[in-house]
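For reference, the structure is listed below as structure tokens.
Derivation of every value follows stated rules applied to the coordinates shown; laboratory data play no part. Nothing here was measured: the structure is a model prediction, and the numbers come from that model. Heads up, the Cβs are rebuilt from the backbone with ideal geometry, glycines too, and the neighbour counts pull from every protein chain shown.
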Amino acid sequence: MRFIPLFIVLLLSTGSCKTKVSLEDAGIDKNELIANVATQLKSSPLLKITDSISGKKVFPRTVDPSGKLKLVTKRDWTSGFYPGVLWLTYGLTDNKYWKDHATSYTELLESEQFNGSNHDIGFKMMTSYGLGYRYTNKEAYRKVLIQSAQTLITRFDDRVGCIRSWDHHRDKWEYPVIIDNLMNLELLFWAWKETGETVYYNIATTHAKTTMKNHFRSDYSTYHVVDYDTLTGAVKFQGTHQGYADDSCWSRGGAWALYGYTMAYRETQDIAFLKQAEKVADYIINIAKLPSDSVPVWDFDLKDKTNEPKDASAAAIMSSALFELGTLTENKDSGRTYLKVANAILKSLSSDNYFNGKGENEGFLLKHSTGAKPSNSEVDVPLIYADYYYLEALDRKLRIKKQLN
Ligand code: GLY
């Protein structure tokens, strides 16, 4: 990117139970950064095909091995992120152009409100309709979101105390729950607050508490997959699917956990969730340790990380989560650390090392993410969810700054 990436000075004020943060940019040109985002998004071949959408593969996910844009259908777990990128860009630019595109892409997902075939409905609908509702207040969007929450809770099993994540690999797992699933709880908290129906709150908090019990090791590193016995609710397996080993911590899994408990605390004010988020943050920062460029390789526990692919998506999720956790924590020293790491990640992702050059990589913002290394799928590529959380991190940083001015 072509801005000076000298970034932030963090000054923490004293005398409050919440950490107050004063951010001062020390060189980043916000307007130039946002202009670069807009230019890069406009270089995508996608925006030229929106008029001829026929309900097929229209949502950008990554690039294929030949470097061409890879599109997926609305059923894919990533389908909400592109509308989300467009909404966030609208929020950052206040330019109606982005709102119009965001609206078109969001509304293509309408039928997904009834898709209960996996847990991903939260990812899909909160990034598209959720942000759309935030920016437009459209009643139709609210209705879609409430139906989506109703669909999601059909996957909850009382005995297990969790929402089932996947229906595939039935030969391997009976009732798989993955750490990523925490992210879908935001839809339920939203529905609880909108409707007053406690069923959403109860299911979301039960899932978060069960996950707290079974998805973490003593150092607060995470298992990716936990499989449950549906008759007894007992844990049958703790291991991985996208990580390096059953006893390792898949980097994006750690990022989902950090984000998930930060969000759960924001929504409930339950101190147990704040403590969990802080423990996960401390694991990532002090035990797993981020490398000098603040972007982890795809698994924290790889012995030799020298030639391993990075996962910019994990870094972007962590940055966004840490901006929030840094303002929620009651511990001023921790708050200072979280914001410092959040900024360091954002700065690194905004540099030429991670931010695509103009027109590079089919309009994606970031390079060097990894989807699923064990199956050699989407290794060292752009991924739409990396772009989404990168923009969310930037948006959060700017909001924190605004609140303090
Ligand atoms: N939620 C799927 C993934 O993080 O790869």
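Quick one: of Lys56/Lys209; Lys99/Lys401; Lys56/Lys347; Lys70/Lys401; Lys373/Lys401; Lys68/Lys124, which pairs are farther than 30 Å apart, Cα to Cα?
Lys56/Lys209; Lys56/Lys347; Lys70/Lys401; Lys373/Lys401
At a threshold of 8 angstrom on Cα-Cα distance, excluding pairs fewer than six apart, so keeping six or more, what relative contact order does the stretch 257-327 reach in percent?
The value is 33 percent.
So how long is each side of the stretch 74-141 along the principal axes, counting just the alpha-carbon atoms, biggest first, in Å?
Principal-axis extents of the stretch 74-141 (Cα, largest first): 36, 23, 15 Å.
Going by C-beta contacts inside 10 Å, put Leu322, Leu145 in order with the fewest on the left. Before the final figure, lay out the partial values.
Values: Leu322 31, Leu145 22.
The order, fewest Cβ neighbours first, is Leu145, Leu322.
Report the calculated FRET efficiency for Lys303 and Lys56 (r = Cβ-Cβ distance, R0 = 45 Å), to the nearest 0.05.
Efficiency computed from Cβ-Cβ geometry: 0.55.
Gain in length, Lys30 to Lys193, computed as 0.36 nm per residue apart minus the alpha-carbon separation, to one decimal in nm? Could you put the intermediate results ahead of the total?
On the way: separation 163, 0.36 × 163 = 58.68 nm, distance 3.35 nm.
Value of the extension gain: 55.3 nm.
May I ask you to derive the FRET efficiency for Arg170 and Asn331 from their Cβ-Cβ distance with R0 = 41 Å, giving the value to the nearest 0.05?
Here the calculated transfer efficiency is 0.40.
In the stretch 126-197, which trypsin sites (Lys or Arg not before Pro) are in a loop and have at most 15 other Cβ atoms within 10 Å, using DSSP for the loop call?
Sparse-neighbourhood loop trypsin sites (Lys or Arg not before Pro): Lys138, Arg159, Arg170, Lys172.
Quick check: net charge around Ala204, other residues with Cβ under 12 Å of its Cβ, Lys/Arg +1 and Asp/Glu -1?
It works out to a net charge of -2.
Mind sorting Tyr97, Tyr82 by how few other Cβ atoms lie within 10 Å of their own Cβ, fewest first?
Neighbour counts put them in this order, fewest first: Tyr97, Tyr82.
Quick one: net charge of Tyr129's neighbours, Cβ under 13 Å, K/R +1, D/E -1?
So the surrounding residues net to 0.
Please report, in debye to the nearest 20, how large the charge dipole of the chain is about its Cα centre when each Lys and Arg carries +1 at its beta carbon and each Asp and Glu carries -1 there.
Once rounded to the nearest 20, the dipole reads 700 debye.
What aspartates and glutamates could a cross-link reach from Lys310, if we take a straight Cα to Cα line under 12 Å and drop same-chain neighbours fewer than 8 places away?
Asp293, Asp299, Glu378, Asp380
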